[in-house]
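Enquirer: Below is the structure I would like to discuss, written out as structure tokens.
The values are calculated or read from the model by the stated rules, or taken from the named source; none is laboratory data. Note that the coordinates shown come from a computational prediction; the quantities given were computed from them, not determined experimentally. Cβ placement follows ideal geometry from the backbone for every residue including glycine, while neighbour counts extend to all protein chains displayed. With ligands, DNA and RNA removed, areas are computed over all heavy atoms of the protein, side chains included. Shrake-Rupley method; radii C 1.70, N 1.55, O 1.52, S 1.80 Å.
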Amino acid sequence: MTSEQPERRDGDEAAPAVGRTLLSVDDLRVEFGSPQRPIHAVRGVSFDVRAGEVVALVGESGSGKTVSALALLGLLPRGARTTMASGTLEGIDLTGVGDDELRHLRGATAGMIFQDPLSSLNPVKRVGDQIVEAIALHEKGAGRKAARARALELLEQVGIPDAGRRIDEYPHQFSGGMRQRAMIAMALAAAPTLLIADEPTTALDVTVQAQILELIQRLQRDLEMGVLLITHDLGVVSRVADRVIVMYAGRIVEAGATEEVLRQPRHHYTAGLLRSLPRLDLPRGGAPVPISGSAPQPEDVVPGCAFAPRCPSAVERCAERPPLEPSGERWLACWEPATGTALDAVAGGEADAAGAAVVPAAPAPAAASAPPALAVERLQVIYGGGRRGLRRRPSAGVRAVDGVDLSIAPGTTLGLVGESGCGKTTLGSAILQLVRPTAGTVAVGGEQLVGRGDKQLRPLRRRFQIVFQDPAASLTPRHRIERVLSEPLELHGLVRSEAERRARVIELLELVGLGERFADRLPHELSGGQRQRVGIARALAVEPELIVLDESVSALDVSVQAQVLALLERLQDELGLAYLFISHDLAVIRHIADEVAVMYLGRIVERGPSEQIYRAPRHPYTAALLSAVPVPDVERERERERIVLLGDPPSPASPPGGCAFHTRCWLRERLGNPERCVAERPELAHLGGEADHRAACHFSDEQAAHLPRTDAVTAREGRAA
Amino acid sequence: MSGVTIDPRAAARARGRRGGRARAWWRAAGDAGLRKVLIGLALFVAVALLGPLLWGRDPDQVQLRAALLAPDLSHPFGTDEYGRDVLARFLSGARVSLLLGVSAVLGAAVVGLVLGAVSGFYGGFLDGLLNRFLDGLLAFPALVMGMSLALAMGPGALPAGLAVAITGVPWYARVVRSEVLSLKSRDFVAAQRALGASRRHILTRHIVPSVLGGVSVQASLGVAYAVLAIAGLGFLGLGVQPPTAEWGSMITEGRSYLTSGQWWISIIPGFGILILVSLSVALGEGLRDHLDPYGKARY
Amino acid sequence: MAKLVISRLLAALSVLFFASLIAFVLLRVSPGDPARQVLGPQASAQAVAELRSEMGLDQSLPQQYVTYVSDLVRGDLGTSWRTRVPVAEELSNRIPATIELAVTAMLLSIALAIPIGVLSAGRRRSIDRISRAGAIIGLGTPPFWLGLVLILVFFTWLGIAPAPFGRLDEGLAPPSEVTGFLLVDSLLAGDFAVFSNALAHLALPAITLALPLAAYLSRIVRRSTIDVYRLDYIRTARAKGAGERRVLFRHALPNALLPVLTLSTLYFGELLAGSLLVEAVFNWPGIGGWVAQSIVAQDFAPVQAVILMGALVYTTLSAMTDVLYGVADPRIRTART
């Protein structure tokens, strides 16, 4: 694989020439556990990274991508056994390197950043001191003053505003994006030639992710570094990576230039992964197609192709392991490579697969006369209001939800989208009366909920249910699945006999694609996807009309996520359920929602039919969100001119006055910063001519003229149609 | 909030948790640690309950002619100043320590569990008041409480046991309360509320069963603490009163003979305390590891 | 930060209030009549009644409580009826001996616990096994018995320890009193003979008191070190090239020792209680022996005073710990509320 010539970015003059090999590793293997029952985290991986290129290591959880990177630098926890046929970092042999030398390589030659910048920074040390430490460790001669000056310079370089003051603050005083910037500054402190970034934007909001990706790209070019980017997100890959290496079950299955691999995946896993991804750039018809089954566990022995059991094109020969071999500039481990393009795979999506690809459901015919499944009016939730503290000062409190109107017709889905801290989860809880609203009304199927006592509410709770994000935390530990599903039946007196109860439990399990055999299992014996199915079955047990899905697929791997999404759609068709689908993931929302509401700092800023919002957003925040999401299509990512929002979302405890978005608004800037945005809060107003599309912006009519050269969303639609 | 999270560490953790629990069960059932401790405790209980019957001598029988005999075949642990058989007194002391210690801990654990669960789950004014009161109680070590009760009620087994039980309550209440507080905010509780379960149902069916593990760890350590405190009170003459054989008071009785060569009277009962307390501590540690193989729980 | 201090002070006051209430109620529900105890069985009923009214026992319980608290606030801890000495005076004479013992034991146990705990959190399984067994046995050892064993071995058999009576050999004159702590006072006076003799007397009781606490703390240190080592920022420190020694001392320990700080103060009360027993074993002239005698004689005032003092020490320490915690942890120190 070392012979491979990386694909160059054509027409990109700013990019430095791809140079010497920085990192090269051959047949890397990592095992955990006892030698008798080893757990194979990495089963033989070879790749290299050259100066001036970004290489992405991609895979789902358990594929071994992070372990590979940590193993190279000796950062795995105790008990891991690492072997490799050969490995060099900047010409230094990694196989025979001593602890001390390896220690010096970390930081000085290869800098690292991690997924969660808060836990990755030492909470009791000042940010500046942590950077100074990184400098001092590798430049023994550097005086404290010089090191501090350099730290300040680094903080400015990574775009920390007011760095002179910030340098003496602690990590908890930084926002999420700032922390990741500080991590990057620390990783760059000793001027490494290689940067290893392990899921650097996974914990960040999409607008902040866009900033950090830009930063990494800029630094990589300016400093002519090599970057090894570990990620699960093919969108991120297409935005920044020159080459991509796809891993599955501890091995590389496919590698090559990003553009090639994403446009024309040759391995069925890569193709399947692309197919199972909900696409922001495709209308709802292009449904994700799940990969059936689940990946092998690291403790399993895999004699042949690890993907064969899930592969639609598996042949007899797949029982034998295909070697990773070059074909032109691509590397591939498959006996029967896929043909055709990703686009074919997506657009032509096998419509029958799991019955997922359905045309957007038209609102149910009865909708006109029946009351809406959910009607929310002027809903408000204020945390910590009233008089507080020793002097009993009145406090305004945090307006987590501030005057929200929503309605959902029976049998349809409303997607509620927003970044972390925007109040979407609180809104969901307030609708369910898990948090008591401060003001406003909530009606489910015409039945008013606000103002009822706990006891009066209990019988009504049958009609609306919730499915949470973390399927493990939402099931009581040590309760068997049968008990989990029986409890709601008994609470509401829905079964009269033991036999009826048992039958209903089995019926529910089958409804969500699990069999009777799951009844006796404990939650921790199930996989994430299976647990989420149990969570859904529990919600269905009481036959609700409305289900609030609070980030219900966000914790799942993409291939499993597609399975659960397909299940949700099937259930909606069969049972006529209404969904309030809360998510930060715009692509998932586009795929599942009939209508969309965008939330920012406790308020709905834009609302309307899904296709209209995605095709022609009318609020600058929505436009920025859409622009920030990377899509797995290199050509498109390169064509796009992006809106990058500055800074992080403000704290909901002290939202800006006027239009809450004015502090980050790109449109306002282009319009010459009109005073009106600061002085007057825009109402969520009807837009002329478009059915039920509303936006809360004084200048929503001017936006279209200022939108950047769009955004292939429309372009692609032409092609896909 | 992550995207379509394919966090390898989360997955590894999830698997580790599953594998870890299986390993913990296996270890508990088939391997050294906890199993040895359980066998040891079973032996101890058997000796305490059956020992006096098997070793026929009367622990209270005074035989002045046989006073201060060194250990030999007829008196394996020797005799004390009144010629009483130290082995018989040792066995009877084991029973006293075990019964008094365990019943004090049971009482404290039950009261602490109820107080902690109620105050943690319902919160509010009651919670604040109860907390302050329990914090106040925490300022009294069992020994000090034992002294006060001995003063108020006169020394004896009842005030000693009561002192240990009362001072134990805040410890259990604290453990339970903090665990209930963290469980309360978990999604599975919200799911129950959304399903229309009453608060009582959630507390008794979903929360309390989940805290029992933590309580059992605390209770094992509590037995250790109780046995030590009761022996300490006995040593000061404020606990179980003579002539009943109790390890703490036996140590006091033998004290004056320590320097004159008859060390067994004091030293042997000390080993009894040492064994029982160490076993209880080991049980607590073993249970903790068993319930939480990754050692996340705090002392 | 100021807010933290104030709120901790208020909390400490309310704990003290409850503690005083508990101490008061405990000793007033006594079945015996203190006046009768003082005067003995021969005294006339009238004399008893007069004394009762003098002692305030004929007032209602809430009234008695108010009197009791207002006396307390004025520093009046009552008078021992047994010795006729004001409790406050006796207490101040005896307390240095107890504090000297307890603090020495505390420092000794921390000095033992941190290295043992850190080592057993390390790579070597064998060290962990040994220290775990040691800790379990250490926790299982009754301190008063351990004291007797140490006396038996080091005084009776080996003859290297001084006789277990008091803080100094009988012939030696104590140094002029400045702090009341013999170790400090003898050094101030430059009297090394007294210093080494006081140290020899202190050694066995301090070890007796320290070992169980060291056993307990070593497990806490181990657990908290392991917990910290599992955190991401330790990996960050390694990723920037920090060596293991630096990772331990600069990154892991400062965070790992925070809970140790809390727990050792929480345990100081237990240490004082333990010193009551150990003082009895070594005939240490602290408050332990005094309290024991007072209880036997049903002398209320000293017992009540010692209970309250214990509660005061406990609440002060735990309030101080919280504040210290705040100083040590920037997340609390810089919080605005």
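Enquirer: Quick one, can you get me the convex hull of the C-alpha atoms of chain A expressed as volume per residue in Å³?
Expert: 189
Enquirer: Diagonalise the Cα gyration tensor of chain B and give the resulting equivalent ellipsoid semi-axes, square root of 5 times each eigenvalue, largest first, whole Å.
Expert: After scaling each eigenvalue by five and taking roots: 45, 24, 14 Å.
Enquirer: Hey, another quick one. With a 1.4 Å probe and all protein chains in place, put B:36, B:184 in order of accessible area, largest first.
Expert: The residues order as B:36, B:184, largest area first.
Enquirer: Give me the dipole magnitude in Debye, nearest 20, for segment A:123-189 about the Cα centre, with unit charges on the beta carbon: positive for Lys and Arg, negative for Asp and Glu.
Expert: 120
Enquirer: Please report the projected area of segment B:114-165's Cα convex hull averaged over all directions, in nm².
Expert: If you wrap the Cα atoms of segment B:114-165 in a convex hull and average its projections, you get 3.9 nm².
Enquirer: Then there is this: Along the charge dipole of segment C:2-73, pointing to its positive end and built from +1/-1 on Cβ of Lys, Arg, Asp and Glu, which listed residue (C:48, C:61, C:12) has its Cα farthest out?
Expert: Comparing the listed Cα positions along the dipole, C:12 ranks first.
Enquirer: Still on this structure, I have one more. Working from the alpha-carbon coordinates of segment A:226-274, get Rg over Rh, Rh being the Kirkwood radius.
Expert: Taking Rg over the Kirkwood Rh, I get 0.91.
Enquirer: Using square roots of five times the C-alpha gyration tensor eigenvalues, list the equivalent-ellipsoid semi-axes of the protein assembly as shown in whole Å, biggest first.
Expert: 65, 36, 32
Enquirer: What does the accessible area of residue B:96 come to, in Å² to the nearest 10, when a probe of 1.4 Å is used?
Expert: The value for residue B:96 is about 40 Å².
Enquirer: Moving to a separate point now. At a 10 angstrom cut-off on C-beta neighbours, averaged per residue, how do the peptides A:555-567, A:316-328, B:200-212 rank from highest to lowest?
Expert: A:555-567, B:200-212, A:316-328
Enquirer: In vacuum, with every alpha carbon of segment A:374-596 counted as one equal point scatterer, what does the Debye formula give for log10 I(q)/I(0) at q = 0.13, 0.18 Å⁻¹? Two decimals, please.
Expert: One equal scatterer on each Cα of segment A:374-596 leads to -0.78, -1.36.
Enquirer: Here's something else I'd like to know. For A:693, A:686, write out the residues from largest to smallest accessible area, computed with a 1.4 angstrom probe and no ligands counted.
Expert: Output order, biggest surface exposure first: A:686, A:693.
Enquirer: Next question, about the same structure. On the full set of protein chains, 1.4 Å probe, figure out the accessible area of residue C:3 and give it in Å² to the nearest 10.
Expert: 100
Enquirer: In addition: Give the long-range amide H neighbours of residue A:600: residues separated by 5 or more places, or on another chain, with amide H under 5 Å away, using H modelled in the peptide plane at 1.01 Å from N.
Expert: Counting only residues 5 or more places away or on other chains, the set is A:605.
Enquirer: Another one. Obtain the radius of gyration and the Kirkwood radius of segment C:222-267 from its C-alpha atoms and give Rg over Rh.
Expert: In segment C:222-267, Rg relative to Rh is 1.05.
Enquirer: With Kirkwood's inverse mean 1/r over C-alpha pairs for Rh, give me the Rg to Rh ratio of segment A:657-701, two decimals please.
Expert: 1.00
Enquirer: When only C-alpha pairs under 8 Å and at least 6 residues apart count, what is the relative contact order of segment A:602-715, in percent?
Expert: Normalised by residue count, the contact order of segment A:602-715 is 37 percent.
Enquirer: For segment A:182-294, what is the convex hull (Cα atoms) projected area averaged across all directions, in square nanometres?
Expert: With the hull built on Cα positions only, its mean projection is 8.4 nm².
Enquirer: For the protein assembly as shown, what is the mean residue ellipticity at 222 nm derived from helices alone (per DSSP H run of n ≥ 4: -39500 (n - 2.57); sum divided by total residues; nearest 500 deg cm²/dmol)?
Expert: It lands at -16000 deg cm²/dmol.
Enquirer: Roughly how much of residue C:249 is accessible, in Å² to the nearest 10, using a 1.4 Å probe?
Expert: 120
Enquirer: So what is the relative contact order of chain A, in percent, for Cα pairs below 8 Å that sit 6 or more residues apart?
Expert: Normalised by residue count, the contact order of chain A is 13 percent.
Enquirer: A follow-up question, please. Mind checking which lysines have their Cα closer than 30 Å to the Cα of residue A:140? Skip sequence neighbours fewer than 8 apart in that chain.
Expert: Excluding near neighbours in sequence, the set is A:125, C:240.
Enquirer: So which lysines pass the test for residue A:424, namely a Cα distance under 25 Å, with those fewer than 8 places away in the same chain ruled out?
Expert: Within the straight-line cut-off, residue A:424 pairs with B:184.
Enquirer: Which value, in Å to one decimal place, does the Kirkwood hydrodynamic radius take for segment A:505-632 when every pair of different Cα atoms is included?
Expert: When all Cα pairs of segment A:505-632 are included, the Kirkwood radius is 16.1 Å.
Enquirer: Two decimals is fine: what is log10 I(q)/I(0) at q = 0.10, 0.14, 0.15 Å⁻¹ for chain C, from a Debye sum with one equal scatterer on every Cα and no solvent?
Expert: -0.78, -1.23, -1.31
Enquirer: Now, a different point. Once you charge only the Cβ atoms, +1 for Lys and Arg and -1 for Asp and Glu, what is the size of the charge dipole of segment C:2-73 about its Cα centre, to the nearest 20 debye?
Expert: Approximately 420 debye in magnitude.
Enquirer: Using the Kirkwood formula over every pair of different C-alpha atoms, what hydrodynamic radius in Å results for segment B:74-223?
Expert: 17.6
Enquirer: If the viscosity is 1.567 mPa s and the temperature 4 °C, what translational diffusion coefficient in µm²/s does Stokes-Einstein give for segment A:123-189 when Rh comes from Kirkwood over Cα pairs?
Expert: Answer from the Stokes-Einstein relation: 113 µm²/s.
Enquirer: Now, a different point. Could you tell me the largest-minus-smallest coordinate of the C-alpha atoms of segment B:23-161 on each of the three principal axes, in descending order and whole angstroms?
Expert: Its Cα atoms span 67, 50, 21 Å along the three principal axes.
Enquirer: With contacts defined as alpha carbon pairs under 8 Å and 6 or more residues apart, what's the relative contact order of segment A:232-318 in percent?
Expert: 22
Enquirer: Beyond 25 Å, how much of the Cα-Cα pair distribution for segment A:602-715 remains, as a whole percent?
Expert: Summing the P(r) of segment A:602-715 above 25 Å gives 22 percent of all pairs.
Enquirer: Residue-wise, which Karplus ³J(HN,Hα) couplings in Hz belong to segment C:276-282, taking 6.51 cos²θ - 1.76 cosθ + 1.60, θ = phi - 60°, and x for glycine or proline?
Expert: Going residue by residue, I get 4, 6, 5, 4, 5, 5, 9 Hz, with x marking Gly and Pro.
Enquirer: Let me check something: with ligands and nucleic acids excluded, how do A:585, C:185, A:222 order by accessible area (1.4 Å probe), largest to smallest?
Expert: A:222, A:585, C:185
Enquirer: Then there is this: Determine by what factor the alpha-carbon radius of gyration of segment C:2-73 differs from 2.2 N^0.38 Å, reporting the quotient.
Expert: My calculation over the Cα atoms of segment C:2-73 gives 1.52.
Enquirer: Using a 10 angstrom cutoff on alpha carbons, build the Gaussian network for chain C and name the most mobile of C:13, C:26, C:107.
Expert: Looking only at C:13, C:26, C:107, the largest GNM fluctuation is found for C:26.
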